[in-house]
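In what follows, a structure is listed as structure tokens, so that the remarks can point back to it.
Read the figures in this text as sums done on the coordinates, not as results from a lab. Source: prediction; values computed, not measured. Glycine gets a Cβ as well: all are built from the backbone with ideal geometry, and neighbour counts include every protein chain shown.
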Amino acid sequence: MKFARVGAAIAAAAIIVAACGGGSSGGDKTLKLGVTLPLSGGAAADGQPTLKGAQLAVDEINKKGGIGGYKLELFPLDHAVNGKYNEQQGAQDMQTFVNDPAVIGVVGPYNSAVAKVQIPIGNDAGLLQCSPANTNQSLTKPEFGGLDFRKNHPDRIAYIRVAATDDIQGPAMAVYAAKTLGLKNLLIIDDVTTFGKGVADTFQAKWEELGGTTAARVGAGADTTDFNAIITDAMTKKPDGVYYGGVVTSGAGLLLKQMRQQGLNVPFLGPDGIVNGNGQADGSLIKIAGAEAANNSYGTVAAIGDFPAKATFDAAFKEAFKADKEFNTPGAYSGPAYACATVILDSLQEFLKATPNADQAAIREGVRAWASDPAHSFETVLGTTAFDKNGDTTQPFISFYQVDPAAAGGGDWVFKEQQNFGAQ
Amino acid sequence: MTAQVNGARASTSQSGGGWRLRLSDFSDRHRSTTVIAGMALTGLLLPLVVLLPPFNGFSNQNVWLDGFTIAGIYVLLALGLNIVVGLSGLLDLGYAAFFAIGSYTFAFAASSFTGLNFPFWPMLLVGAITAAIFGILLGAPTLRLRGDYLAIVTLGFGEIVPIVILNSSKYTEGPNGIGGINPPELAGFVFPTVGNPWPFYIMMLALITICMILIYRLQDSRLGRSWMAIREDELAAAANGVNTVTTKLLAFALGASTAGLAGVFASSKLTLVSPNLFRFDVSFTVLAMVVLGGMGNIWGVAIGAFIVFLTQTVILKQLNVFFGNLGVPFLSDIDFLQYQFLLYGIALVAMMLLRPEGLFPSRRRRRELHTEEDVEFGEHGDPLGESPE
Amino acid sequence: MTTTTIPASSGFGESVRRLRIGPYLFVVALGLIVFVAIGPQQFVNALTIGAIYALIAIGYTMVYGIIELINFAHGDVFMVGAFASMFVLTSVLGQEPNSSADSAPQAVFLIVTTFLIVMPVMGLLGVAIERFAYRPLRNAPRLAPLITAIGISFILQNIIQIIFGPSPVNTPQVIPPTAKIQIGDVSIGVVNIFVISVSVGLMIVLQLFVSRTRLGRAMRSTAQDREAAQLMGVDINRTIALTFFIGSALAGAAGIVQGFYFGAITFNLGFQAGLKAFTAAVLGGIGNIAGAALGGFIIGFVEVTAAAYGLFVWGQALVFAVLIIVLVFRPSGLLGQQLGERA
């Protein structure tokens, strides 16, 4: 017992000494870009590549000398608890950002459920938040209940997102499946998350509206590893395609692998969650399922497809993180996270050009006002990005990608075509 | 034999520990006052402590207070589970289910999902009672089960409830969770869920105080003694006239009601509930809090909950910042976020190997495991007498 | 008045002799009903996944039977076994992930070598865990080793995650997954047959070991009454270590066949698998080896039946519902010892 007491005292002293040196690091010419993502455990495969997209943007800006004399610092907080995103932790992290005056903007979150608790906090404080991945309509659109999240200040937009909402992405693939691929009877699986179920619901609605039949609609929770029973059952109904609403960490790769093992070699379709890198990228659909198995797979991405900035981004990403053991290639949401950071940093730049001597509170409000102004647009790796009066992207393009098993890097997603859904 | 033991102990009573013994004697006789005083003291000290370095370096006071309020939710949960596991010896591995039931009860009663707007304060009671009913429903079929069979059934219940919630989208919004839950209102004043953390903080202090007083009353009552009797030897207890059926059911019910209460508070503060918040790791965390805090010891469990929560939420998450500031070259390069579970697991194992009875074990427990510390019990006379702890 | 029945040994012969055919008939009947309900193709799926659960469940039940500990780390030993198997096949034996063996003899060589390396290593891992984390707590309050077990579970998971990453990792499947045997309009994968036969084979070997050998008798006697066994000259520590060795080796074997069957493994496989295996063990009567195997297959049946009727997401809930119902009618599990009230 004595040792324990002495040990505890030493530890406490060490903590005090150490932390005294810390806290608000950097001088007073540093501004912080907050990042709220699930970064540990199983969720790391989702959050880490996304984080690195934002990190790349900040590093590049700092190399160019910062903005308006300020250095930018990335401030990531992990809201995963026991390997899964946690709304409560997300709320606490958002509180931390709001109460740190040096934070002028936040990138994230990844899951729409976390956004539901973070948006009110950010809205109340007037802190800009840009999500690379939230797709649920209810977060922003008044007709789906978006005003519930900004009750206190309904006209103040502090939440913007670059991801296409489910009501655009799902139907886009439905149209492609019916018209371009000529499919008739689909097995639709979702991972019972806000994103997966949402996009599968909108997909199915449009699919059936176009006259397609649904062989079966199955929910397979994000922890599922054994899809064999589902596949065996579906095969009796002879589908000519499979749509998976969800992300790869929910089991898309395993599903595809097991499909091919049972001999179900029909096209495999999915939203942007499955377009996450080539055959050598950690955690990519192509790597897990194998390039041959991934053949005949199609995915949608809410961005311009063949855009020079995208190739530059990919190359820069790989160069910057080539020393990292894991996640050294871009994931599905690395580009969007980079775009979000670009939006926030560009807004900062524009605001400081106009008011170079603003204090931190004014900077925060200025960034928010600039970014959320529908009249402003930004050049990002996703194309020309602007936000409407609810904070949704006005980016009209959905691109379609197909897996080419013979492409470099052990098979890769190859751009096929893009369609303009802006009118929707 | 008792007299002999008494005599042996009395002879060592003169040595040291005088003020501690007098304090614990006082607290035994004036439980409620001690609880109120203790909680008030804690409630006042915590906001002051976080204004000092090093704590103010990590976050400012508002964030800390918010964190303490959330910690309070876990303290309530731990107090409740302590009734089931610590006092009554019923191994419950699915406690999060009752937390979920309390949370969703309030979500149904006061959110834009259902359009109802029941007031918060009576709902605290309603949530507790609803959870208690489910506690009885769970307890009833398990009365015949031996210890570890009970564990798996409670584990199953703890798994079934989130699964049902997740897949009944029509009634529960499924994975989206129910948002837009109303915050509490008191005489026209709406508790702020963003910004000012003080209203919720003070409410949490009050809730914990009330719960602790009630639980102490229960523990010192006949029911409490029946619980402990069942924990030690169910057969002997039955032979002594303890109605094991009602005793066990009451343990489940009262334990569950605390979780229900905590659930109502939590959903009202977060304004959102989702099945994701009630998975097995919540049940396990609360169990770890009870065990690490010292099973059976009410204050111990509360402190244990606080410490474990801070460890999980603050320390483990802030390791990167901490080591980054230390500036040790090797350590700064490690991404500690990826090592969270390793460190947490090592801490759990080490803690159990070093002090399996927990940080603040009940006196009886400590005596069972560290016989050389009998000296401390000298003053308290016959252990079968007035202080059953 | 307490009635303490002498617990039955876990031998199949003894069970039949005691006319406890009831549960077995129940399971056979259940199997037939399920076969008719879901069709032969799904039945094969159920048997395969059930076989894997059964292998893991046996380790759970053996450990519980002997020291009354719910070893939550057992599922993660299974997971480590899967990764160890992947490591052996790729780094030691030079196979490519996503590949199969080139010929039958090579397949046999790869399989035998993998089992011979991985099973003992996993056994030793189990022994080490027992020695350092559970043995010091043998006299501690019952919850302490439970917390420790979960602590070990976290540690194992995190170590594997750090080494191999959080995403699914591909592992060589040796037996080509598309190799099938056609019987009528049912195509049974060779892999499925392999998994089922390995599982059943190992279970039979274990049953013989436990009922026929001296060490097996030592295990049974320690489980029945530790002090009496000690008085009879059984080395308790060694017996417990042996139990952990065998249980963990079987979990390792389950990990190997998991890799063969699915072709991809993830670091967080252990928790869900462990939970199902624990449920299986309890369903069958915790401490009873045949019961654990039975429980594993029952869970496989329930899950696949749920999937076949469009209730996939309810599978886990249904498993627990079945468990609760069984326990209400037979509080000691299907094959569990019907003990009277004892203190």
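Ranked by the mean number of other Cβ atoms within 10 Å per residue, highest first, peptides B:271-277, A:147-153, B:161-167, A:128-134 order as A:128-134, B:271-277, B:161-167, A:147-153. With neighbour counts taken as other beta-carbon atoms within 10 Å, the residues A:Glu208, B:Glu234 rank, fewest first, as A:Glu208, B:Glu234. Take the Cβ atoms of A:Glu208 and C:Val28, set R0 to 51 Å, and the FRET efficiency comes out at 0.75. Taking label points 7 Å from Cα along the Cα-to-Cβ direction, A:Ala408 and B:Thr244 give a separation of 7.3 nm. Extents of the protein assembly as shown, taken as max minus min of Cα coordinates on every principal axis and listed largest first, are 88, 77, 57 Å. Ranked for footprinting exposure by Cβ neighbours inside 10 Å, fewest first, B:Leu65, C:Leu318, A:Leu37 give C:Leu318, B:Leu65, A:Leu37.
Taking each of A:Lys141/B:Lys269; A:Lys310/B:Lys170; A:Lys32/A:Lys353; A:Lys197/A:Lys322 in turn, the alpha-carbon distance tops 29 angstrom for A:Lys310/B:Lys170; A:Lys197/A:Lys322. Taking R0 as 51 Å, what FRET efficiency do you get between B:Leu310 and A:Lys389 from their Cβ-Cβ distance, rounded to the nearest 0.05? It comes to 0.75. In order along region C:59-73, the Karplus-derived 3J(HN,Hα) couplings, from 6.51 cos²θ - 1.76 cosθ + 1.60 at θ = phi - 60°, round to x, 4, 6, 5, 5, 5, x, 9, 10, 6, 10, 7, 7, 5, 7 Hz, and Gly and Pro are given as x. Taken about its Cα centre, region C:20-329 carries a charge dipole of about 720 debye when Lys and Arg each add +1 at the Cβ and Asp and Glu each add -1 at the Cβ. Legend: helices of chain B (whole DSSP H runs) are marked when their alpha-carbon atoms reach 24 angstrom or more along the helix axis and their mean Kyte-Doolittle hydropathy is at least 1.6; marked are B:120-139.
Counting only residues at least eight positions apart within a chain, or on another chain, the aspartates and glutamates with an alpha carbon under 12 Å from that of A:Lys29 are A:Glu73, A:Asp359. Highest mean packing comes first when the peptides C:217-226, C:259-268 are listed by Cβ atoms within 10 Å, giving C:259-268, C:217-226.
For A:Tyr159, the residues whose modelled amide H falls within less than 5 Å of its own, excluding neighbours fewer than 5 places apart on the same chain, are A:Gln129. Ordering B:Trp19, B:Trp299 by the number of other Cβ atoms within 10 Å of each residue's own Cβ, fewest first, gives B:Trp19, B:Trp299. Take each residue in C:304-313, count the other chain C-beta atoms within 10 Å of its C-beta, and the mean is 6. When DSSP beta bridges are restricted to pairs lying wholly in the protein assembly as shown, around 50% turn out antiparallel.
Per-residue 3J(HN,Hα) values for region C:40-50, derived from phi via the Karplus relation 6.51 cos²θ - 1.76 cosθ + 1.60 with θ = phi - 60°, read x, 4, 5, 4, 5, 4, 5, 4, 5, 5, x Hz in sequence order (x marks Gly and Pro).
On the beta carbon distance between B:Arg22 and A:Ala315, with R0 = 56 Å, the FRET formula returns roughly 0.15.
With only the Cα atoms considered, region B:30-280 has a convex hull volume of 137 Å³ per residue. Listed values for region C:309-320 are Karplus-derived 3J(HN,Hα) couplings in whole Hz (6.51 cos²θ - 1.76 cosθ + 1.60, θ = phi - 60°), namely 10, x, 10, 3, 5, 8, x, 4, 5, 5, 4, 5, and x replaces Gly and Pro.
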